[in-house]
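FYI, it's all coordinate maths here, none of it is from the lab. No experiment lies behind these values; they were computed from the predicted model shown. All Cβ positions, glycine included, derive from the backbone under ideal geometry; neighbour counts span all protein chains shown.
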Ligand SMILES: *Cc1c(COP(=O)(O)O)cnc(C)c1O
């Protein structure tokens with residue numbers, strides 16, 4: 001068999017008549033808009049929010065299209081990547097029947113979303129060097145496996161997954177392969193975006209929450225074939241991206257130079273942080289990172305975590321996570337923050 005979108009989709013989604021909003025039915029220029037029961041008098045704010053926003057966010061997608069080199073009709077925007085993840089389950093996975101494959105240790109939201117949607121999870125642990133267990137994945141796939149989630153660079157380990165292995169999965173699996181590139185801006189590896197045309201089953205997730213510095217705006221992106229994007233558009237809440245987010249996103253996307261400068265600085269700070277951590281004898285292992293954080297295995301991780309909390313420094317305790325035993329995940333901060341972190345770690349061990 002080969003990839004067949006109609007075959008993969010849930011029957012109810014295939015047959016769905018989507019909600020048709022006032023803005024769907026008329027989206028031209030007009031001077032009197034009395035079709036959506038909005039307040040025609042205005043909003044009690046300095047900017048106006050009294051009109052419903054563009055359901056398809058075309059102005060934002062236009063800007064993203066230029067930056068990413070992907071046509072606008074291959075882009076879906078969600079209320080964070082989390083919305084795209086949830087919609088994937090709802091489009092493809094029949095509750096109580098279908099399953100997805102997750103590759104721990106990885107981002108926790110895939111499993112939560114699976115559980116919310118009552119979709120079984122098959123876990124294939126990464127290898128000891130945090131790469132794909134290709135044979136294990138092949139063995140876990142059955143006729144009800146709809147989605148495989150790959151995160152690269154992976155959270156919480158920070159490493160990139162080998163490109164060749166991702167391609168092996170894409171070529172041999174007839175379901176959807178979700179490639180979460182939330183941290184791609186910090187990576188030496190290049191994005192799979194230029195390969196979208198080669199793989200009809202590929203869905204790439206990116207976000208404005210990390211490198212773009214807009215976690216509070218909640219804007220996640222999914223890139224895929226036109227057909228898959230049409231499915232997203234059919235089942236999403238009609239006005240899933242609010243006007244404030246659309247307006248600010250457009251403004252932010254003009255300032256890519258600022259963002260690129262931060263990315264360079266973060267990558268430099270990451271090297272420095274790793275170098276200085278390596279000088280601490282109690283640090284046992286640092287996973288080479290392609291992200292804006294490092295996973296560090298060190299002596300007495302749990303106690304160090306609690307000590308740092310007491311000093312007002314919060315890192316992520318991953319010490320009880322499979323394959324991350326004894327490790328803390330540390331986000332790369334400003335130079336001052338990284339210095340504070342390092343001096344408290346040194347303080348703890350002396
Ligand atoms: C932070 C992160 C995201 C971002 O999620 P948003 O909902 O877009 O903020 C997605 N995937 C991974 C792996 C992450 O670590």
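Side notes on the structure shown:
- Against the main long axis of the alpha-carbon atoms of the chain, helix 256-278 sits at an angle near 20°.
- Legend: calculated FRET efficiency, residue 112 to residue 303, from the Cβ-Cβ distance at R0 = 25 Å, rounded to 0.05, equals 0.30.
- Ellipsoid semi-axes for the stretch 118-190, based on the Cα gyration tensor and the rule √(5λ), read 21, 13, 12 Å when sorted largest first.
- Taking all Cα pairs closer than 8 Å and separated by 6 or more residues, the relative contact order of the chain comes to 17 percent.
- q = 0.09, 0.10, 0.12 Å⁻¹, the stretch 147-296: log10 I(q)/I(0) [Debye, one scatterer per Cα]: -0.35, -0.43, -0.61
- Within a Gaussian network of the chain (alpha carbon springs, distance under 10 Å), most fluctuating of 255, 122, 318: 255
- Tail fraction, Cα-Cα pairs, the chain, threshold 30 Å, whole percent: 43
- Helix-only mean residue ellipticity at 222 nm for the chain, each DSSP H run of n ≥ 4 adding -39500 (n - 2.57), per residue, nearest 500: -11000 deg cm²/dmol
- Working value for the stretch 57-145: equivalent-ellipsoid semi-axes of 29, 18, 12 Å, each the square root of 5 times a Cα gyration tensor eigenvalue, largest first.
- Cα-only radius of gyration and Dmax that characterise the stretch 1-61, units Å: 17.8, 58
- Kirkwood hydrodynamic radius of the stretch 257-349, Cα pairs, Å: 13.4
- Ranking of 330, 221, 33, 109 by count of other Cβ atoms within 10 Å, fewest first: 33, 109, 221, 330
- The angle between the Cα long axis of helix 163-172 and the main principal axis of the chain comes to about 50°, on a 0 to 90 degree scale.
- Across the stretch 257-349, the relative contact order, built from alpha-carbon pairs under 8 Å that are at least six residues apart, equals 28 percent.
- Counting neighbouring beta carbons within 10 Å and listing from fewest to most, the residues 283, 332 come out as 283, 332.
- Two-site label geometry, residue 73 and residue 280: point separation in nm, points 7 Å out along Cα→Cβ: 5.3
- Counting neighbouring Cβ atoms within 10 Å and putting the fewest first, the residues 343, 289 line up as 343, 289.
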